[in-house]
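Following: one structure in structure tokens, then a few remarks.
Read the figures in this text as sums done on the coordinates, not as results from a lab. Keep in mind the model is a prediction, meaning the values are calculated, not measured. Cβ sites come from the backbone with ideal geometry, for glycine too, and all protein chains shown count toward neighbours.
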Amino acid sequence: MALAATAQDLADFLIGFVAVWSDSNPRPVEDAARFVRRAQELLDRAVIVEKVGGASWEDIGDTLEITRKSAHSRFRQAVEEWEEAVKRPVVVDEIYGLSGGMEARTYNRMPAGTSTPDETAAYLDRWALAHADGRDVGERPVSGGLARMSPLVEVMTLTDRSRALREEFLAPPPYLMAEIREREAVLWERIAAGQHPHRDAKRYAAEAREKAAAYRAQDAHAKSIAETQAPDQHASEHARRWPKEIYGPYRTFRPGHRSRLVRPLQRVDRH
């Protein structure tokens with residue numbers, strides 16, 4: 001999906017070079033340099049596709065006529081950033097407490113279009129058919145080649161996301177954990193309704209719903225009192241209602257100071 005979306009965007013970008021003397025392309029060198037940078041993104045995406053498909057660094061090096069070590073050095077960061085993004089797509093920059101209200105700044109590390117795969121695939125299908133120029137590309141040239149994860153496989157990825165949140169925060173924000181549990185419940189319900197249902201799927205779905213509801217209640221509670229209670233009052237009330245749950249930014253936060261419980265995050269390029 002990321003590779004196809006990048007290729008489509010790059011192809012549209014090149015249209016402006018056809019009429020080289022038109023007013024729409026007053027600085028061809030600058031635009032050509034921009035194209036080269038974006039073409040590098042396409043190559044990065046292609047390498048990621050092959051690595052995910054099981055290719056070795058030696059295989060990729062042979063294709064590019066460079067050594068295995070050079071291929072690894074050149075593309076390792078792109079592959080690692082992709083793997084981290086899949087594990088933890090949405091990242092929280094900072095959380096503000098009593099003095100600044102309830103606010104979480106987030107950004108998505110996934111490539112453009114991949115967060116809405118069905119819509120993006122449908123658009124790319126239409127784009128590819130419109131530019132086929134008589135070639136037989138099939139009725140679904142993009143979506144037809146994409147494999148949807150099974151519910152059980154997606155449940156496993158949610159486990160990785162939950163683990164990544166707990167590694168990032170002393171205590172993860174409730175609304176982020178709620179989103180994971182809600183999706184988990186949907187997936188276990190699908191597994192329970194499938195041809196080969198897991199014997200505990202319904203129970204797992206119910207437990208996930210219950211946990212999601214608890215996280216939503218914590219989040220609503222935090223939002224409702226973040227501007228009205230002093231930190232000590234908040235901590236006492238939170239401990240009374242959820243004695244085993246600690247939501248860091250609202251337990252240790254002093255007015256006028258940012259929470260220090262969010263670990264510094266390494267930014268990645270968000271083209």
Exercise. Under 26 Å Cα-Cα from K223, which lysines qualify once same-chain neighbours fewer than 8 residues away are excluded?
Worked result: K211, K244
Problem set entry | In nm, spacing of pseudo-spin labels at H72 and Q195 (7 Å Cα→C-beta vector) | 4.2
Problem set entry | S236/M156 FRET efficiency (R0 45 Å; Cβ-Cβ; nearest 0.05) | 0.70
Problem set entry | Residue-by-residue Karplus 3J(HN,Hα) for segment 46-61, coefficients 6.51, -1.76, 1.60, Hz, glycine and proline x | 5, 5, 4, 4, 5, 5, 4, x, x, 5, 8, 5, 5, 4, 5, x
Problem set entry | Per-residue ³J(HN,Hα) for segment 181-188, Karplus 6.51 cos²θ - 1.76 cosθ + 1.60, θ = phi - 60°, Hz, x for Gly and Pro | 5, 5, 5, 4, 4, 4, 5, 5
Exercise. With each label point set 7 Å from Cα along the Cα-Cβ vector, what nm distance links E81 and V18?
Worked result: 3.1
Exercise. From the phi of every residue in segment 197-207, what ³J(HN,Hα) in whole Hz does the Karplus formula 6.51 cos²θ - 1.76 cosθ + 1.60 yield, where θ is phi - 60° and glycine or proline is x?
Worked result: x, 6, 5, 9, 4, 5, 5, 4, 5, 5, 5
Exercise. So which trypsin sites (Lys or Arg not before Pro) in segment 129-220 pass both tests, a DSSP loop state and at most 14 other Cβ atoms within 10 Å of the Cβ?
Worked result: R135, R148, R199
For this session: Multiply the residue separation of R140 and A55 by 0.36 nm, subtract the distance between their alpha-carbon atoms, and state the gained length in nm to one decimal.
Result: 28.0 nm
Exercise. What is the calculated FRET efficiency for T63 to R148, with r their C-beta to C-beta distance and R₀ = 30 Å, to the nearest 0.05?
Worked result: 0.60
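Using r as the Cβ-Cβ distance of A39 and Y175, and R0 as 45 Å, what FRET efficiency do you calculate, to the nearest 0.05? Intermediate results must be reported in sequence, preceding the final value.
Numbers: r = 39 Å, r/R0 = 0.86.
FRET efficiency, A39 to Y175: 0.70.
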Exercise. Taking 0.36 nm per residue of separation and subtracting the Cα-Cα distance, what length does fully extending T114 through A11 add?
Worked result: 35.2 nm
For this session: Would you list, by chain and number, the lysines whose Cα falls below 22 Å from the Cα of K51, excluding same-chain residues fewer than 8 positions away?
Result: K69, K87
